[in-house]
Structure formats: structure tokens, C-alpha cells
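To start, the structure itself, in C-alpha cells.
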Amino acid sequence: IELTYEYEHFEEEQTVNNREWHHDTQLVQIVDDDISMLILLKDVLEEKGLMVITNVDPEKAVEQYYELQPDCLIIDIHLPTKNGFEILNEIQQHNEKYFIPNIMISIDHDKETRIKAFQNGADDFISKPIEIDEFLVRIERHLQRKKIFDQSVLIDELTQVYNRRFLEDSYTKQLHDLNRTGQVFTICILDLDYFKKINDTYGHLTGDQVLSEFAQFLKNEVRKGDMVYRVGGEEFSIIFPRANDLEVQKCVTNMITRFSEKVFTHDEKKFSITFSAGVYTVSNSDTSLKDALREADVALYEAKRLGRARVEL
Ligand code: GH3
Ligand code: MG
Ligand code: MG
Ligand code: MG
């Protein structure tokens, strides 16, 4: 049974890996050596529209935890090779930074065990046998709070695209994919042209409006799986997974044309604005985000120098 199960699980892992990090579908990771428990919990959570990954092996669980960044971790105490407390300890720092709720489940539920669970970083404790209805409302509550946390720290308030902090996460994940599959990805920096003039002429509020419409425009233009980030005042970035610089250049050139046709109004005065972009393809997993952004920035500077409203490699 275990072999078949691990095999099926492997297949499933691939789909989860391709998830586009949209926070609307939340991911729950369950770690337990009791296969029937795993199957039961997975079923009830999937019925609620959640994505679920399951692990029996603690080492693999930790590895997948870092790679897939679940929104909630459900973990048994008694596991082969390592116990649930040790795992919680191991992931504690990451946990605190990303606010991933941990729920311990255990057949032992004496006071000492419960205390130890919370001391080791558990956010909740559910004893086995599990009451499914209670389990579901508890998980739902944790996931709601996780969603609120993510929205507040990963999304830029003004423009409602991902912020720079999330770019760091995504970049790391892209490097991981590059390492595993050899698939290159391209990063692009986009900067509004003469944006200062918009502020000076029409005021800061109109400037803000332009920024937020620009972000919305970018979100609408990109393919599913491409992600938009605000990395500075009037500077945005897009990660294009599985695309090279020439493909991205073509795509961004079209975006520049369409954006330049967009008409903004301020007190019945009409105006338009353009942007420039720099592109860099990451094909070596030693490239840090800082390096990649620097390369894209050099290209952006070139685009500005050559007259703006264009994209350079
Ligand atoms: P270039 O074509 O060379 O990029 O010229 P620019 O005027 O766009 O570039 P510059 O860096 O000189 O000016 C950027 C301006 O963006 C200055 C800053 O006040 C404005 N800015 C940055 N963040 C915000 C924001 O959140 N809201 C508004 N309204 N303006 C912002
Ligand atoms: Mg167990
Ligand atoms: Mg600018
Ligand atoms: Mg700028």
C-alpha cells in the first residue's frame, strides 16, 4: 500500500509544484505515518476546495514544506525517524516569518504532551480520534487568518500587485525549478517614463491613480502564471516562468504599444503615459535576485537612454 501511495503522491506533487502561487487556493500539508488518516483528512479538505499534500517521511515533509510553502501544516507527533516536535523546531524561524499555522494531531493528548506541543510552536492541538466537523472549522479559522496575513504582507496596498518581499519568494522558487528542470525564466523591470511630470502637473493623487491603473493593466496583460510585483515607487517587475528574453521582449513591446494608447483624464484634461523595460533571462541557478535585477536594470537604463517607450535586453 505504501509504495503505491508514495507513487501516486509523487504524481500529485508535480501538479502542486505548478500551482501559480495564487493565494485564492490554499495549500494544506499533512504529515502523518498513518496512511488511512492521511487519506481521510485529504479527502475532507479537498472536498472543501483546498489543495492538499501529504507526507509520511519527515525528511521529505520538511523539504516539501520549504519548497511548496503550505498555508497550513497539520502534523502528527509520532513519526518515523523524527518526531513532530523536532520538525516544528526545525521550521520555526520560517514559520514565524510567514505565519504558517501548525496544528498538531496526536493520539497522546495528556496535559504534558499538549504543553510540549505549544512550547514547540504548535498553534493548535487536535487529539485523535479526530472529530471531522470540529477539525474542519478549526482549519478554516486558521486558513482565514493566514489569508489575511498574506494579503497584508505580500500585496502592495496601493496597486494590489505582489510586493518586493513576495518577489524574493517567487524568485527562490523559480531558481528551484531551474535547478530541477533546467527551465530558464525571465525577469523584467518596467518603469514609467517621466512619471515625475505626472505628479508635478496633475498632483500626487492622479499619480497614484496612474500607478494603480498601470499595475492593473500589467496584471491583465500577462499570461496565467506570470506574476507582477511592485518593486519601487513607479517601478514594477514581472517574472515570466519558462520564457526566454526574446519571447518576453516581443510580449512587452506589445504591452508598451497598448499602454501608450490608454487615455487618462484629470479634470477633463486628457493625457497618456509610456513605460520602458529591461529584460534579463536567468539560466544559471547561481544568479541571485540582486544580480538578476541589476542586469535587468542595466537594460532598462539603456531603454531610457535610447528614447524610452521601448524594451532592451
Ligand atoms: P524616467 O523616465 O527617467 O523614469 O523619469 P521619471 O520621472 O519617471 O523618474 P524619477 O525617478 O525621476 O521619478 C519618479 C517619481 O515617482 C518620483 C516620485 O515622486 C514618484 N513616486 C514614487 N512613488 C510614488 C507613489 O507611490 N505615488 C506617486 N504619486 N508618485 C510616486
Ligand atoms: Mg504517527
Ligand atoms: Mg520613471
Ligand atoms: Mg524609477
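The values are calculated or read from the model by the stated rules, or taken from the named source; none is laboratory data. Values in this document were obtained by computation on a predicted structure and should not be read as measured data. Neighbour counts are summed over all protein chains in view; Cβ atoms, including those assigned to glycine, are modelled from backbone coordinates with ideal geometry.
Miscellaneous remarks
Yes/no matrix, rows are residues, columns are (1) away from ligand 4 (no atom under 16 Å from the Cβ); (2) surrounded by fewer than 13 Cβ atoms within 10 Å (Cβ to Cβ); (3) at pLDDT 95 or above; (4) over 20 Å from Lys42 (Cα atoms):
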| residue | (1), (2), (3), (4) |
| --- | --- |
| Glu63 | yes, yes, no, no |
| Gln69 | yes, no, no, no |
| Cys72 | yes, no, yes, no |
| Ile75 | yes, no, yes, no |
| Phe99 | yes, no, no, yes |
| Ala117 | yes, no, yes, yes |
| Glu131 | yes, yes, yes, no |
| Ile139 | yes, no, yes, no |
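- Here region 186-216 is the region considered, the condition is being surrounded by 17 or more Cβ atoms within 10 Å (Cβ to Cβ) and aromatic (Phe, Trp, Tyr), and the residue that is nearest to ligand 3 (Cβ to nearest atom) is Phe195.
- Test: residue in region 62-75 that is of a type in the set (Val, Ile, Thr), within 23 Å of the chain's Cα centre (by Cα) and under 19 Å from Thr113 (Cβ atoms): yes
- Number of the condition not met by Tyr301 [criteria: (1) under 27 Å from the mean Cα position of the chain (by Cα); (2) part of a helix (DSSP H, G or I); (3) of a type outside the set (A, V, I, L, M)]: (1)
- Residue in region 264-280 that is away from ligand 2 (no atom under 16 Å from the Cβ), among the aliphatic types (A, V, I, L, M) and more than 16 Å from Leu190 (Cβ to Cβ) present: no
- Only one entry in Arg180, Arg258, Arg242, Arg223 is more than 15 Å from ligand 1 (Cβ to nearest atom), over 27 Å from Leu68 (Cβ atoms) and either surrounded by 14 or more Cβ atoms within 10 Å (Cβ to Cβ) or of a type outside the set (Gly, Ala, Ser) (or both), namely Arg258.
- Region 14-39 - residue that is surrounded by fewer than 16 Cβ atoms within 10 Å (Cβ to Cβ) and part of a helix (DSSP H, G or I) and, of those, modelled with the lowest pLDDT: Gln14
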